[in-house]
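Working notes, beginning with the structure itself.
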Amino acid sequence: MRPEDEERLRELKALGPGWNGYQAPSLSEKALEGAAAFLERIGTDALRFRIYPMPEGGVQLEVDAACEGCFPKDAGMDFEFHPDGRVVAWLYGEAFAEVDGQEVQGAG
């Protein structure tokens, strides 16, 4: 895992209840551990991610838009680590409208 990713996860772990100015809970340990394990497994030579807190207590990893050539234009990928341990991957953009003949639900 990159040192900056490790630092960002520490920052997110320190967020208290109401961190978003409303009633968001602190981020769940399960979501933080899942995101950390994923980043550790990806390694430092693969994709770079932007790391965000989610209002329900999860962690979102968004593939950095600066990743030239990773995706077709106007396409991208996010991973959401939810407090209950679920992990959701989102592919978005017209390039991912169909994958192996299966429609993929996008995020917008």
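The table that follows gives values for the structure above.
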item: Within the stretch 43-58, tally of residues that are in a loop (DSSP other than H, G, I, E, B), surrounded by 14 or more Cβ atoms within 10 Å (Cβ to Cβ) and modelled with pLDDT of 95 or more; result: 4
item: Hits in the stretch 1-20 - residues which are in a helix (DSSP H, G or I) and not acidic (Asp, Glu); result: 3, 8, 9, 10, 12, 13
item: Odd one out for residue 85 among (1) modelled with pLDDT of 65 or more; (2) assigned to a loop (DSSP other than H, G, I, E, B); (3) in contact with a strand residue (DSSP E or B) (Cβ under 9 Å, 6 or more places away or on another chain); result: (3)
item: Qualifying residue in the stretch 90-97 (condition: modelled with pLDDT of 65 or more, part of a loop (DSSP other than H, G, I, E, B) and of a type in the set (Ser, Thr, Tyr)); result: no
item: Residues that are exposed (fewer than 14 other Cβ atoms within 10 Å of the Cβ), assigned to a loop (DSSP other than H, G, I, E, B) and touching a residue at least 24 places away in the same chain (Cβ under 8 Å), drawn from the stretch 21-42; result: 22
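The values are calculated or read from the model by the stated rules, or taken from the named source; none is laboratory data. Note that this is a predicted model, so its numbers are computed, not measured. Reconstructed Cβ throughout: ideal geometry from the backbone, glycine too, with neighbour counts over all protein chains shown.
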